[in-house]
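Inspection log for the structure reproduced underneath, given as structure tokens.
Just so it is clear, none of the values below were taken in a lab; they were calculated from the coordinates. On a predicted model such as this, the values are computed, not experimentally measured, just so you know. So basically every Cβ, Gly included, is an ideal-geometry build from the backbone, and we count neighbours across all protein chains shown.
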Amino acid sequence: MYYYKNNFEYNKVSKMHQKLNIYLAGPRGFCAGVDRAIEMVKEALRKYGKPVYVRHEIVHNKFVVENLKSQGAIFVEELDEIKDKSRPVIFSAHGVPKKVPKEALKLNLIYYDATCPLVSKIHKEVENFDKKNLPVILIGHRNHPEVIGTMGQTNSEIFLVEKEADVKKLPLNVNDQIAYVTQTTLSVDDTKGIIKEIKKHFPNIIEPKKNDICYATTNRQEAVKKIANQCDYFLVIGASNSSNSLRLVEVAKKYGSKKAILVEDVDSINLNIFQESKNIGITASASSPEILVTKLINNLKNNFEIIVNEEHYEKEDVYFKIPQKLKV
């Protein structure tokens, strides 16, 4: 006969007999732009020693930020918060308005720009459209750092569109030549609908030469779509201020998962939510490290009998170099 000290011990023993099928989405986790940005901070620490300042979260992930803090990084929101102006500063992967590097020069700061090259591509598109005196529509989410950075690339007004209904409200002549660009971390499906509405409303619209939505965002959303309808619960490891994380939750729900949630802290998840579940989907956003996936699976393994299912998928081979002048 077994005696249980409390309900927690009883529940844990009960859970151990519950089987869970884990479906791992692939690809998942860090993209090349995130990898590059984090490596730039680490390389700066190796080159200059502690501390190195970082303007804004280098990427939207608390685990990453805390890890870099432990190595000597100090995070600030604005450059005037930097106490020791002799120390270097890194700009985040999301990109910054042009006024930020100008301010850094005025303050005589050593700075490095970790803007993702795919975001920099959009900045150049906006600049080129501006040189041609073309009004620019930006499809994106208000107040997101990437959107703030993109809208700060010119002195001309950029018109933000967050949803299809916004298109008809734009104070633009429907017969004029107009260009559009998009935030890199949007939902592929939702953006298609907005672009369709823009083309319908503005017949002379000029498109970007290439799709602006990042390859990693697209790949992670497609991976979730493939397994979502097999899942009772879908867990997306990511941050609440991360656009690509939130989009993955939306995609999981839209494509058939009965429930989908964002997991910011893998250690604090309430395991009781899986009592009525058999099939769990797991992915990590482009700004979340694989170590958190492993940690989450181990936590589940300690409480349930699990079977991990992971289909073969093509590994991403994109790599962005860090600036030569930053290398030790």
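Helical content of the chain, expressed as a calculated mean residue ellipticity at 222 nm, amounts to -11000 deg cm²/dmol (DSSP H runs of 4 or more residues, -39,500 (n - 2.57) each, divided by residue number, nearest 500). Gain on full extension, evaluated as 0.36 nm per residue between residue 328 and residue 148 minus their Cα-Cα distance, stands at 61.6 nm. In this structure, the residue pairs whose Cα-Cα separation is over 27 Å, taken from 121/196; 19/253; 163/210; 209/325; 85/327; 124/199, are 209/325. Taken about its Cα centre, the chain carries a charge dipole of roughly 360 debye when the Cβ of each Lys and Arg holds +1 and the Cβ of each Asp and Glu holds -1. By other beta-carbon atoms within 10 Å, ranking 287, 243, 70, 187 with the fewest at the front produces 70, 187, 243, 287.
Multiplying the residue separation of residue 48 and residue 132 by 0.36 nm and subtracting their alpha-carbon distance yields 26.1 nm. For the chain, the longest principal axis of the Cα atoms and the long axis of helix 215-228 meet at an angle of about 30 degrees.
Candidates 203, 188, 71 compared by Cα position along the dipole of the chain: farthest toward the positive end lies 71, with charges placed on Cβ.
Distance between the pseudo-spin-label points of residue 204 and residue 110 (7 Å out from Cα toward the beta carbon): 5.1 nm. Judged by the ratio a/c of the largest to the smallest principal axis of the C-alpha gyration tensor, the chain counts as oblate, that ratio being 1.5 or greater while a/b is no larger than b/c. With unit charges on the beta carbon (Lys/Arg positive, Asp/Glu negative), name the residue among 110, 269, 29 whose Cα is farthest towards the positive pole of the charge dipole of the chain. Highest projection toward the positive end goes to 110. Each label was represented as a point 7 Å from its Cα along the Cα-to-Cβ direction; for residue 189 and residue 211 these points are 1.5 nm apart. To the nearest ten degrees, helix 243-254 and the longest principal axis of the Cα atoms of the chain are 50 degrees apart. When the trypsin sites (Lys or Arg not before Pro) in the stretch 209-261 are filtered for DSSP coil states and for at most 14 other beta-carbon atoms within 10 Å of their beta-carbon, the remaining sites are 209, 210. In the stretch 10-87, which GluC sites (Glu not before Pro) are in a loop and have at most 10 other Cβ atoms within 10 Å, using DSSP for the loop call? Loop-located and lightly packed - 77, 78. For a modelled paramagnetic label at residue 157, 7 Å from Cα along Cα-to-Cβ, the residues of the stretch 167-186 in reach, with backbone nitrogen under 17 Å, are 167-180. Kirkwood analysis of the stretch 117-206, using all unique Cα-Cα pairs, places the hydrodynamic radius at 13.1 Å. To the nearest 10 degrees, how steep is helix 290-301 against the longest Cα principal axis of the chain, on a 0 to 90 scale? Computed tilt is about 20 degrees.
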